[in-house]
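Scroll down for the structure; my scribbles are underneath it.
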Amino acid sequence: MSSSSSAGAPTLTPPSSSSFPSQPLSASLVQGPSSPRIVEMRSRIGHSMLFDGKRNQLFIFAGQRNDEYLSDFFTYDIATNQVYELTRDPHIHGGPDGVFTQRATMDPERGEIYVLSGLTRDRPSAGDMIKSGLWVYHIARGEWTKVYQTEMMRAEASSRNAREPRPRFAYQLIYHPAKKVHYLFGGNPGETDNPRERLDDFWRLSLERPSPDVVLGRALFSLRRRRCLDILTSGDRMGALQCLREHVVHVVHPRDPDVLAMFNALPALLLKPSHSGQDTPSVRLGSSGDRAYNDRTDVFDEIMAYFPPWMKQPDADLANSLNY
């Protein structure tokens, strides 16, 4: 994320009244291949509604009913005057928790819905928690993808640095479909020591989508960098230097700043004199077998970040799926 001082607001044009049916609204529940059955969609406040003019559908997500934070997800088909429940709990399918005053936007061309989380309930204690997280829902595939998420209790929220916005709720979020950019302004940080505090910061969010070549280069770099550090850990500095020159350098993408920074740090690390009983932050000379396992597990997790949720282990805590 990067801060911004000004932005042009998109022009919102309301649809004509003839686009909406006048007959009463009915609701249906989609249950896989079986026939839909009529259900009642509960009323709520603090939910998100998005109109997709390309598909002539209205999406309804989350909200609050009495003391319950909802997370169900519906779509209303204007042509058929039907409401379909896409999922009752997106969290089970890799989506966000039930939240209140979250904000959602849509890119009809990409067929994506973006949800920035707000106030939620911590499942074990049922206490209020502010989550700063961004989720993407792919309409055609019916899948959720977590872009990032930072969790902290209200007392910790004020300690965040300026590289990302503080967790908040009741903020404003708009999307510029031509520039593919989000703008975030204000909100309530939920500070218990200062309940009247309101934020007035302004942020711009752009989602970067690396090309397949960049993703492949990052995966190969992670593997070969780990191999180079393993050789160095064994005490073979010349072997590690040879690995760096013959294998690692060829998978460094010149336009990937993160990979370039890690690669540029490797020569100094290889030439740094070792001291008994001291470990460097990256190589940890004399590490035990458990450390080697953890290092390689970190590489595995880095690579798995580029795989869809259905091809890897779940990111969420399995304990959250249990009924207490």
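Looking at region 87-99, which of its residues are touching a Gly at 6+ places or on another chain (Cβ under 7 Å) and open to solvent by 40 Å² or more (accessible area, probe 1.4 Å)?
Within region 87-99, no residue meets the criteria.
Looking only at region 212-248, count every residue that is among the β-branched types (Val, Ile, Thr) and over 15 Å from Val259 (Cβ atoms) and tell me the total.
Total satisfying the criteria: 2.
In this structure, does Tyr69 turn out to be open to solvent by 30 Å² or more (accessible area, probe 1.4 Å) and in a strand (DSSP E or B)?
yes
Can you list the helices (runs of 4 or more DSSP H) found entirely within region 190-309 that contain at least 2 residues being under 30 Å from Val136 (Cβ atoms), at pLDDT below 90 and open to solvent by 60 Å² or more (accessible area, probe 1.4 Å)?
212-233, 257-271, 289-304
The values are calculated or read from the model by the stated rules, or taken from the named source; none is laboratory data. Keep in mind it's a predicted model, so treat the numbers as computed, not measured. For neighbour counting, all protein chains shown are included, and Cβ atoms are generated from backbone atoms with ideal geometry for every residue, glycine included. These area figures cover heavy atoms from the full protein model, side chains too; ligands, DNA and RNA do not enter into them. Shrake-Rupley method; radii C 1.70, N 1.55, O 1.52, S 1.80 Å.
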